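Here the structure comes first, spelled out in structure tokens, and everything after it is commentary.
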Amino acid sequence: MVRANGKQATSTKKVATLVLCTALLGVALIADLLWASSSSSSSIFSKFDFQSSPNLILSNVTSKEVVSTSDSFPGRVLSATFADLPAPELQWQKMAPAPVPRLDGAAIQIKDLLYVFAGYGSIDYVHSHVDIYNFTDNTWGGRFDMPKEMAHSHLGMVTDGRYIYVVTGQYGPQCRGPTSRTFVLDTETKQWQDLPPLPVPRYAPATQFWRGRLHVMGGSKENRHTPGLEHWSLAVKDGKALEKEWRVEIPIPRGGPHRSVAVTSCPESTGNLLLPKYFLVSAESHCDIPLLPFGVIRFSCNAKTWSCVVANDRLYVIGGQEGDFMAKPGSPIFKCSRRHEVVYGDVYMLDDEMKWKVLPSMPKPDSHIEFAWVIVNNSIVIVGGTTDKHPQTKKMILNGEIFQFQLDTLKWSVIGKLPYRVKTTLVGYWKGWLYFTSGQRDRGPDDPAPRKVIGEMWRTKLILSPIS
């Protein structure tokens with residue numbers, strides 16, 4: 001009996017020891033999960049080291065070096081790529097919202113009118129019409145339809161001051177395929193015409209009007225993810241193609257979609273009221289000069305003398321990304337599936353010798369900015385966008401800054417904050433006011449991940465330094 005009791009006691013002790021070890025292991029796992037959760041949900045989005053460079057200027061702000069307090073990466077200092085950059089607070093006014101919310105839409109400004117095209121209403125619904133915002137009376141109106149064959153998002157688009165050229169893009173919702181169809185809109189008659197199709201379909205190619213030719217470059221290839229490097233051009237005039245086929249040009253150094261592309265040059269004569277690109281009228285004249293976001297200025301003067309400030313005859317391509325969402329294989333609705341993306345802040349310039357040159361990069365990587373910019377005071381102003389995914393949460397991060405690139409000094413500035421972080425904004429500039437509408441905003445002040453698709457319209461008085 002004694003031996004039997006000894007075995008029973010030994011067995012009981014082993015069971016107790018096993019239960020205790022299991023409990024301790026469970027407690028350790030729970031503690032580890034809680035620790036990881038608290039680390040990833042801490043305020044890491046605003047606690048990073050901000051390192052300035054010779055090509056970066058912060059206007060009226062003081063930068064502070066801040067290190068992440070998270071223990072997930074001991075001793076690691078995260079760059080400003082993943083943080084809100086210090087920037088001046090601006091006074092924003094909320095204007096009349098757009099008739100519909102839209103994401104990945106397009107916009108062109110001609111005089112005091114902002115033409116807003118297409119875009120996602122939701123992931124399963126896309127718009128196929130144009131809305132117009134009047135900067136003079138700050139109202140929306142004048143809605144009209146797009147051609148049925150025209151893409152609904154990821155469009156390439158530019159104007160010559162009257163005609164709007166629309167190149168390729170995604171046809172349909174979710175992550176459907178692209179089209180190579182190209183169209184032109186006469187904004188005075190609201191009539192659409194076909195242009196020669198692009199040699200191959202592209203998503204969100206960089207598009208600009210330069211030296212009488214429509215230039216289209218980069219973007220994503222047919223699978224929506226692979227960056228394209230190709231560059232084509234087509235001679236156009238007064239809304240008509242002067243050639244039957246697109247001409248192959250020098251490839252862009254780095255491919256991908258969602259980037260800004262601007263042109264700056266000056267006319268040789270003043271005989272035409274429609275002057276391409278960028279110039280400044282001297283104090284001797286009295287002109288009303290709205291600057292268009294695609295490098296065109298339409299003006300009227302009551303004086304005979306003016307001077308032209310040239311930013312040379314150059315084409316600039318700014319920011320963007322490599323990779324994008326793809327359609328899930330076998331999905332009947334082309335359901336979007338996320339893939340690896342690399343957002344960059346590279347800046348390239350195509351000069352008069354048709355050679356690409358590398359210029360100073362943006363203060364942080366920035367994408368989804370193809371219609372988020374204007375040219376003001378010999379500088380390119382860019383509003384919002386997206387930056388790299390967060391290294392811990394892996395979530396997409398939106399930008400809430402306004403960037404300025406001085407064309408004479410080739411230096412970047414952070415000149416203000418938006419009301420919230422937002423991507424794919426549609427931007428205009430009229431009589432000192434900077435406007436933006438639409439896009440996808442953040443989840444809140446402490447969460448820079450994207451959430452709600454919006455149609456809000458905001459404006460702020462933009463005061464920049466004069467041209468030096």
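FYI, it's all coordinate maths here, none of it is from the lab. The structure presented is a predicted model; accordingly, all values stated were derived computationally and were not measured. A quick note on method: Cβ atoms are made from the backbone with ideal geometry, for glycine too, and the neighbour counts reach across all protein chains shown.
Figures for the structure shown
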{"item": "Computed P(r) (all Cα pairs; segment 91-138; 10 Å bins; percent)", "result": "24, 49, 24, 2"}
{"item": "Nonlocal amide H pairs with residue 246, under 5 Å, H built at 1.01 Å", "result": "none"}
{"item": "Alpha-carbon centroids, segment 399-468 and segment 348-368: separation in whole Å", "result": "20"}
{"item": "Additional length obtainable on full extension of the chain from residue 328 to residue 93, 0.36 nm per residue less Cα span", "result": "80.5 nm"}
{"item": "Cα-based reach from residue 452 at 14 Å (exclusive), listing aspartates and glutamates while leaving out same-chain residues under 8 positions away", "result": "104, 442"}
{"item": "Nearest-20 debye value, segment 161-235 charge dipole, Cβ charges on Lys, Arg, Asp, Glu", "result": "120"}
{"item": "Residues whose placed amide H lies under 5 Å from that of residue 222, excluding near-sequence neighbours", "result": "none"}
{"item": "Nitroxide proxy distance, nm - points 7 Å out along Cα→Cβ at residue 240 and residue 351", "result": "3.7"}
{"item": "Cα-based equivalent ellipsoid of segment 347-432: semi-axis lengths in Å, sorted from largest, via gyration tensor", "result": "23, 18, 11"}
{"item": "Hz values of 3J(HN,Hα) by residue in segment 150-162 - Karplus curve (6.51, -1.76, 1.60), Gly and Pro given as x", "result": "7, 4, 10, 7, 6, 7, x, 7, 7, 10, 9, x, 10"}
{"item": "Unsatisfied cross-links (Cα-Cα over 28 Å) in the set 244/328; 244/335; 221/423; 190/461", "result": "244/328; 244/335; 190/461"}
{"item": "Pairs of alpha carbons in segment 126-195 whose separation is greater than 16 Å (percent)", "result": "51"}
